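Quick one: the structure is below, and I'll ask about it shortly.
The values are calculated or read from the model by the stated rules, or taken from the named source; none is laboratory data. Everything quoted here is computed from the prediction, not taken from an experiment. Every residue, glycine as well, gets a Cβ built from its backbone with ideal geometry; the counts of neighbours run over all protein chains shown.
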Amino acid sequence: MLYKGRILWEKVLPDGNRDDTIVPGWEQHRLSLVGTIPRNTERMKLVGCNHLDDFATRHADVRSQIDAWRCEVEEAKWASPNDIKARFANASFLADNRVVFNLKGNKYRLDTKVAYKNQVVLIMRIGTHAEYKNWEF
């Protein structure tokens, strides 16, 4: 079915509900090859990078680690905490999809909230290990 020049993919799910998805033109070829809509193909999006930039200007010694972490996250496709743990073994997982990353060993902490379904990482705050001790979650 076409909708405004795009394919409207109609699929009946096992529970009887319908999955109607608009597929952009650049995905239509892949859809015809695979037969299903590719899921979770987007890379992670970072929200709140201003926290990282502000912190890096005040703490120049961690700038390269912040930049490396940012690049890795933007290239990642995380579907669950296991995907994060596979790359960042020292990350701490808290309730409500909160993840705390260690930067520069254990000297700095980065508090994030991950929305796996939407492929978004929200940067809540970043601080030194001493500041982290006073954070409330």
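Restricting segment 115-129 to residues that are out of contact with any helix residue (DSSP H, G or I) (no Cβ under 7 Å at 6 or more places or on another chain) and part of a strand (DSSP E or B), which is farthest from Lys77 (Cα to Cα)?
Filtering segment 115-129 for residues that are out of contact with any helix residue (DSSP H, G or I) (no Cβ under 7 Å at 6 or more places or on another chain) and part of a strand (DSSP E or B), the one farthest from Lys77 (Cα to Cα) comes out as Thr128.
Which condition number in (1) at positive phi; (2) among the polar types (S, T, N, Q); (3) modelled with pLDDT of 95 or more is the one that Asn40 fails?
Status for Asn40: all satisfied but (3).
Tell me which residues, restricted to segment 108-137, are within 20 Å of Cys71 (Cα to Cα), basic (Lys, Arg) and over 17 Å from the mean Cα position of the chain (by Cα).
Arg109
With at pLDDT 50 or above, of a type outside the set (Lys, Arg), loosely packed, with under 13 Cβ neighbours inside 10 Å and over 20 Å from the mean Cα position of the chain (by Cα) as the only criterion, which of Gly16, Gly5, Gly35 stands out?
Step by step, each of Gly16, Gly5, Gly35 is checked, and only Gly16 is at pLDDT 50 or above, of a type outside the set (Lys, Arg), loosely packed, with under 13 Cβ neighbours inside 10 Å and over 20 Å from the mean Cα position of the chain (by Cα).
If I filter segment 81-95 down to residues being surrounded by 10 or more Cβ atoms within 10 Å (Cβ to Cβ) and part of a loop (DSSP other than H, G, I, E, B), which single residue comes out as farthest from the chain's Cα centre (by Cα)?
Checking each candidate, the answer is Asn90.
Hey, another quick one. Do any residues in segment 78-92 that are in contact (Cβ under 8 Å) with a residue 40 or more places away in the chain have Cβ atoms under 7 Å from those of residues that are part of a loop (DSSP other than H, G, I, E, B), where the two are at least six apart or on different chains, and which pairs are they?
Pairs that qualify, where the first residue is in contact (Cβ under 8 Å) with a residue 40 or more places away in the chain and the partner is part of a loop (DSSP other than H, G, I, E, B), are Trp78/Met44; Trp78/Tyr116.
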